[in-house]
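Engineer: I'd like to ask you about the structure that follows.
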Amino acid sequence: MQKKTRRRNKIAVLDDDSDLLEFLELILNRDGYKTVTLSNSKNFKNLISNNDFSLYIIDRNLPCIEGTKLVEQIRVDGDKTPVIFLTAKNSRNEKIEGFQSGGDDYITKPFDRDEFLLRVEAVIRRTYGESYNQILSFRDIYLDVYKFEVSIANIIVNLTKLEFKLLQTFIENKNNVINRDYLLEVVWNCTVLDYRCNEKSVNVAIKRLKSKIDPDGSKDYIKAVRGIGYKLK
């Protein structure tokens, strides 16, 4: 049974070049990130105050507020979110200014796409550690193991710890039929003599889980396999 993970970190990208914003959004989304783009630094503080971002990617040549000045301001405000400068300013002194203002990396234009994505991943990994990237997905369900958060079609769904673990187990084994004994062992941590170790506990928990992730029954995520157990479909 192979466990599959996917990055779903949320990134804010600030640049006044609309074509570049479109390109960055495309490659970041393809690499598994959720991306929000903005072309004017004037509205950047409002954006980040109302969202939880893992990373900011900021140009230096911006209308209203120059990139390093903007980063200095958010650092004074106590925002420790990592920053990558992506800019045409490429002199030694300009790079030093970028780091001194609070930047975590400095990438100059033009840039190599693969190197850019690797450096984005490196900054996020260095800041939050490996566990931060542990996002499991199935269809339109995203389960953030690190944050203990489930979203379906971009809507947060509140689950109990047991329901969360149950859904996590299903997604980790999404290509397999899972029997009830396995669920009792992994989700309930049952021993042979444990009174909770019965099929009724599994059936009731799955019914409750289905009512939360698919209240109208239209998506039918979990399928019962007669005589064996359950499978995602």
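Engineer: Tell me which residues, restricted to region 178-203, are of a type in the set (Ser, Thr, Tyr), in contact with a Cys (Cβ under 9 Å, 6 or more places away or on another chain) and modelled with pLDDT under 85. Steps first, please.
Structural biologist: At the first step, the residues of region 178-203 found to be of a type in the set (Ser, Thr, Tyr) are 182, 191, 195, 201.
Checking the rest, the ones that are also in contact with a Cys (Cβ under 9 Å, 6 or more places away or on another chain) come to 191, 201.
Across region 178-203, the qualifying residue is only Thr191.
Engineer: Here is a follow-up. Going through region 24-44 one residue at a time, which ones are over 20 Å from the mean Cα position of the chain (by Cα) and at pLDDT 90 or above? I'd like the intermediate steps shown before the answer.
Structural biologist: Let us first name the residues in region 24-44 that are over 20 Å from the mean Cα position of the chain (by Cα), namely 39-44.
Selection gives Ser39, Phe44.
Engineer: Also, quick follow-up: Does Ser211 qualify as being among the polar types (S, T, N, Q), part of a helix (DSSP H, G or I) and at pLDDT 90 or above?
Structural biologist: Here the answer is yes, as Ser211 does meet what is asked.
Engineer: Tell me which helices (runs of 4 or more DSSP H) are completely within region 61-150 and hold 3 or more residues being at pLDDT below 95, assigned by TED's automatic domain parsing to the domain that holds Leu166 and surrounded by 16 or more Cβ atoms within 10 Å (Cβ to Cβ), or say none if there are none.
Structural biologist: Ranges flagged: none.
Engineer: Another question about this same structure. Pairs under 9 Å by beta carbon, first residue on the phi > 0 side of the Ramachandran plot in region 82-111, partner in a strand (DSSP E or B) and among the hydrophobic types (A, V, I, L, M, F, W, C), six or more apart or different chains?
Structural biologist: Note: pairs meeting the criteria are Gly102/Val83.
The values are calculated or read from the model by the stated rules, or taken from the named source; none is laboratory data. Keep in mind the model is a prediction, meaning the values are calculated, not measured. Cβ atoms come from the backbone with ideal geometry, glycine included; neighbour counts cover every protein chain shown.
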